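**Q** This is the structure I have questions about; it appears just below.
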Amino acid sequence: MTAASLPPPPAILIANDLLDGDVVFRKSDGWTRDPRAAFIAYTSDETQALALVAREAEARREVVEASIVDVDIRDGAPAPRHFRERFKTLGPSVRPDLGKQAQFPDYARAAGA
Amino acid sequence: MYRYDEFDERFVRERVAQFRDQVQRRIDGALTEEEFRPLRLQNGLYLQLHAYMLRIAVPYGVLSSRQLRALATIADRYDRGYGHFTTRQNLQFNWPKLRDAPDILELLADVQMHTIQTSGNCIRNTTADQFAGVAADEIEDPRPVAELIRQWSSLHPEFAFLPRKFKIAVNGATEDRAVLKAHDVAVRIIRHAETGETGYQILAGGGLGRTPMIGKIVVDFAPKGHLLSHLEAVMRVYNAQGRRDNKYKARIKILVHEIGLPEFKARIAAELEAEGPSFRQEEVDELARIATFFARKEYETLAPHSRPYERARAANRDFAQWADTALFAHKADGYAIVTVSLKPIGGPPGDMTSDQMRAFADLADRYSLGELRVSHAQNLVLPHVKKDDLFALWRALGEHGLSTANVGLITDIIACPGLDYCALATARSIPIAQAIAQRFADPARQHDIGPLNIKISGCINACGHHHVGHIGILGLEKSGRESYQITLGGDASWNAAIGELLGPGLTADETPAAIERLVDFYLAHRLSGETFIETVKRLGAGAFKGAFAGVSRHEAA
Ligand code: SF4
């Protein structure tokens with residue numbers, strides 16, 4: 001991801017865990033499955049730093065499909081602005097019993113469509 | 001059913017071992033994602049939105065009860081307790097882990113299943129009429145031909161790196177139930193108009209996706225023993241002359257379209273000429289060998305009509321309504337082919353839980369000689385049911401939520417996974433299917449509307465066949481929102497047609513109402529006995545635009 005193609009802050013880094021495929025979020029150190037714990041980049045410098053982290057994490061085989069996603073902050077939690085990444089963060093809309101929405105119901109209430 | 005020989009068995013086991021090694025090398029770091037991606041795709045393992053996805057081949061849609069039980073085991077042990085049947089008659093698991101994939105493949109190999117050629121630019125799983133071998137309107141069972149093509153195309157060195165993916169369908173009945181004209185190549189078993197001899201008609205250049213095209217007949221009649229030489233000629237023309245410079249122009253349909261049908265046929269003829277005699281005795285022998293695996297089942301000698309069935313029909317309206325949609329005429333007296341809907345009102349089309357799989361496997365053992373089929377419409381089929389058993393079967397299906405009486409009706413909707421799962425999607429498909437099904441849930445109303453196919457895709461790739469839906473729905477993104485384009489007049493039968501776009505895209509909320517207006521317009525204008533698609537063809541899609549515009553105006557207001 002080039003600096004020019006990075007979305008404007010606030011933004012988070014999301015990816016799929018290499019071994020599980022599960023959606024993961026970058027926190028200040030390492031990865032989390034909890035979207036509320038995601039590190040939120042508030043400046044473009046921070047977004048660029050996240051992009052570097054993404055490249056390194058892919059090279060270290062921690063994750064695949066790492067991408068920086070712009071978010072709104074709702075009740076203090078990051079909610080992706082685009083509906084695609086919102087579904088990726090929450091889980092299938094037709095199966096509320098699966099995905100992060102099932103694991104973190106209060107997050108889903110805050111960030112849901 | 002076809003059983004692997006030693007060669008097949010060894011080949012599949014070797015493939016599992018290779019993939020186990022590849023996964024390990026990916027985990028250890030010997031392979032980068034770029035290096036590993038084509039390897040995992042060759043084994044049907046995709047990375048989707050929320051997780052990996054494993055696509056399992058169901059050759060020509062035929063499954064045994066034992067195989068379905070194995071799928072149920074995998075669903076429970078390695079997935080989230082359900083699977084999804086696709087329009088390619090395959091099964092997808094939505095949540096497998098990379099580290100478990102080799103073990104899953106091992107379990108599949110135990111029941112002679114695999115994921116080979118379910119992805120990549122190769123000849124994919126050959127699809128066929130889901131009623132193959134049992135339909136009363138059949139000229140010849142297409143499964144031996146489908147199996148022959150599977151063997152011929154499996155790892156064929158010449159066809160392993162085609163310009164693009166390649167889909168083949170085979171049909172042996174008078175009615176086309178395999179959407180032949182939407183395939184790169186299709187084989188139609190026919191009787192020669194003059195001699196009455198059985199042989200093959202070959203179509204090419206069909207396909208949906210970004211540039212939908214209806215397949216054309218490129219070989220009018222190839223006698224028996226001449227099939228593979230003709231197919232190879234078609235493949236060689238494509239492999240040598242199909243475009244590789246542009247992914248969107250690489251399918252055979254573009255080649256046929258660009259050079260025209262006469263030229264394409266001339267090139268096939270030239271290719272055949274160069275190869276020498278096109279008759280192959282080995283093909284005849286191999287087909288005969290394969291056919292023994294599919295030999296006619298041991299049916300009981302029964303009367304064509306079943307008193308218990310007629311009595312149950314007369315006594316139970318729900319049963320009669322179900323039977324009206326679910327049954328198809330069987331070759332053998334006293335038997336019926338039963339289509340089991342995987343479209344419960346409000347459920348995701350084509351999904352089945354592991355409990356349902358196990359229950360269904362038991363019912364297949366009890367009532368259908370242990371065999372079942374997957375249809376491209378994402379339903380299941382019990383191909384050998386005694387009419388005397390139909391009522392008991394219906395009751396048993398009902399206990400597992402599998403007796404929805406809507407096969408072929410407006411709520412029997414094809415929908416691809418869309419943005420609820422698919423990484424390529426531009427919008428969701430399943431919730432649209434659910435909302436439409438709920439709107440038309442009333443069984444009496446559905447039966448009054450009659451046969452109507454709605455098909456929904458979550459992006460231009462058209463896995464949901466929307467172009468050939470009587471009503472097609474394509475989910476796109478417009479100004480940061482999901483938007484749905486409606487087409488009318490598509491047809492997946494032998495009279496195949498691509499639907500016509502009715503107007504600007506609608507929101508998800510507006511879509512069910514728009515569909516309802518189209519249906520109301522049909523109900524108001526149909527002639528006696530006329531189906532939806534017949535009315536559309538008689539009046540033209542344009543006549544429906546007024547009804548549709550009402551919704552669009554509403555949207556603008
Ligand atoms: S049509 Fe598009 S969204 Fe639907 S399954 Fe195919 S690629 Fe995915």
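**Q** Beyond 24 Å, what share of the Cα-Cα pairs of segment B:414-549 is found? Please give it as a whole percent.
**A** Values: 2167 of 9180 pairs.
So the portion of pairs separated by more than 24 Å is 24 percent.
**Q** Could you let me know the centre-to-centre spacing of segment B:67-142 and segment B:491-507, using Cα atoms, in angstrom?
**A** 29 Å
**Q** Taking Cα pairs under 8 Å and at least six residues apart, what relative contact order does chain B come out at, in percent?
**A** Details: 1191 pairs, mean separation 68.3, N = 557.
For chain B, the relative contact order is 12 percent.
**Q** Over segment B:307-398, what is the relative contact order in whole percent, taking alpha-carbon pairs under 8 Å and six or more residues apart? Walk me through the numbers before you get to the answer.
**A** Numbers: 111 pairs, mean separation 29.3, N = 92.
So the answer I get is 32 percent.
**Q** Taking each residue in A:94-101, count the Cβ atoms of any other chain within 10 Å of its Cβ, then average. What number comes out? Please list the in-between numbers first.
**A** Working: counts 14, 9, 0, 1, 8, 6, 1, 0.
Shielding by partners across A:94-101 averages 5.
**Q** Assign one of three labels to segment A:63-113, namely rounded, prolate or oblate, based on the Cα gyration tensor with a ≥ b ≥ c the square roots of its eigenvalues; rounded applies when a/c is under 1.5, prolate when it is not and a/b is larger than b/c, and oblate otherwise. Walk me through the numbers before you get to the answer.
**A** Details: a/c = 1.73, a/b = 1.12, b/c = 1.54.
Because a/c hits 1.5 or more and a/b fails to exceed b/c, segment A:63-113 counts as oblate.
**Q** Taking the 0 to 90 degree range and rounding to the nearest ten, how far is the long axis of helix A:44-59 tilted relative to the main principal axis of chain A, both from C-alpha atoms?
**A** The answer is roughly 90 degrees.
**Q** Same structure, new question: Ranking B:261, B:105, B:41, B:380 by Cβ neighbours within 10 Å, fewest first, what do you get? Working shown, then result.
**A** Working: B:261 14, B:105 28, B:41 17, B:380 25.
The most exposed by this proxy come first: B:261, B:41, B:380, B:105.
**Q** Also, quick follow-up: Counting only other residues whose beta carbon sits under 12 Å from that of residue B:88, what net charge do I get with K and R as +1, D and E as -1?
**A** Values: positive: B:55, B:124, B:165, B:167; negative: none.
Combined, the nearby Lys, Arg, Asp and Glu give +4.
**Q** Over segment B:59-98, what is the relative contact order in whole percent, taking alpha-carbon pairs under 8 Å and six or more residues apart?
**A** Values: 33 pairs, mean separation 13.9, N = 40.
Relative contact order comes out at 35 percent.
**Q** Now a separate question. Near residue B:411, within a Cβ-to-Cβ distance under 14 Å, what is the net charge of the other residues, with Lys and Arg +1 and Asp and Glu -1?
**A** Details: positive: B:343, B:439, B:445, B:455; negative: B:412, B:442, B:448, B:516.
Residues near residue B:411 contribute 0 overall.
**Q** Specify the residue with the greatest mean-square fluctuation among A:77, A:59, A:11, computed from a Gaussian network of chain A linking alpha-carbon atoms under 10 Å apart.
**A** A:59
**Q** Let me ask you something else. Other chains' Cβ within 10 Å of B:48-59 residues: what's the mean? The partial results should precede the final answer.
**A** Details: counts 4, 12, 14, 9, 6, 1, 0, 0, 0, 0, 0, 0.
Taking all residues of B:48-59 together, the mean is 4.
**Q** Now for a separate question. Please state the charge dipole magnitude for chain B, taken about the Cα centre, from unit charges on C-beta atoms (+1 on K and R, -1 on D and E), reported in debye and rounded to the nearest 20. Write down the numbers at each step before the final one.
**A** Working: 67 positive and 69 negative charges, 209 e Å.
Result for chain B is approximately 1000 debye, rounded to the nearest 20.
**Q** With the crude spin-label approximation of a point 7 Å out along Cα→Cβ, what separation in nm comes out for residue A:75 versus residue B:324?
**A** Each label point lies 7 Å from its Cα, and together they span 4.8 nm.
**Q** Inside 10 Å of the C-beta atoms of A:17-28, what's the mean count of C-beta atoms belonging to other chains?
**A** Rounded to a whole number, the mean comes out at 4.
**Q** With a 4.7 Å Cβ cut-off, tell me which Cys residues in chain B come up empty for a partner.
**A** Those would be B:122, B:422, B:459, since no other cysteine Cβ in chain B comes under 4.7 Å of theirs.
**Q** Now for a different question. Who wins for biggest fluctuation among A:73, A:40, A:12 in a Gaussian network model of chain A, springs between alpha carbons below 10 Å?
**A** Of A:73, A:40, A:12, the Gaussian network model singles out A:73 as fluctuating most.
**Q** What whole number of Å gives the distance from the Cα centroid of segment B:350-417 to the Cα centroid of segment B:166-209?
**A** One Cα centre to the other: 27 Å.
**Q** Sort B:483-492, B:424-433 by the packing proxy (mean of other Cβ within 10 Å over each peptide's residues), most packed first.
**A** Working: B:483-492: 23.2, B:424-433: 25.4.
The packing order, highest mean first, is B:424-433, B:483-492.
**Q** What number does the protein assembly as shown give for Rg over Rh if you use C-alpha atoms and the Kirkwood radius? Mind showing how you got there, number by number?
**A** Values: Rg = 25.4 Å, Rh = 26.3 Å.
Dividing the radius of gyration by the Kirkwood radius yields 0.97.
**Q** On a C-alpha basis, how far is the centre of segment A:9-29 from the centre of segment A:42-113 in Å? Whole number, if you could?
**A** The distance from the Cα centre of segment A:9-29 to that of segment A:42-113 comes to 7 Å.
**Q** Taking every pair of alpha-carbon atoms in segment A:8-111, give the share separated by more than 24 Å as a whole percent. Could you put the intermediate results ahead of the total?
**A** Values: 837 of 5356 pairs.
Within segment A:8-111, distances greater than 24 Å cover 16 percent of Cα pairs.
Here, each number is a calculation from the coordinates, and none is a lab measurement. Computed from a prediction, not measured in an experiment: that's the story for all the values here. Please note: Cβ atoms are built from the backbone with ideal geometry, for glycine as well, and neighbour counts cover all protein chains shown.
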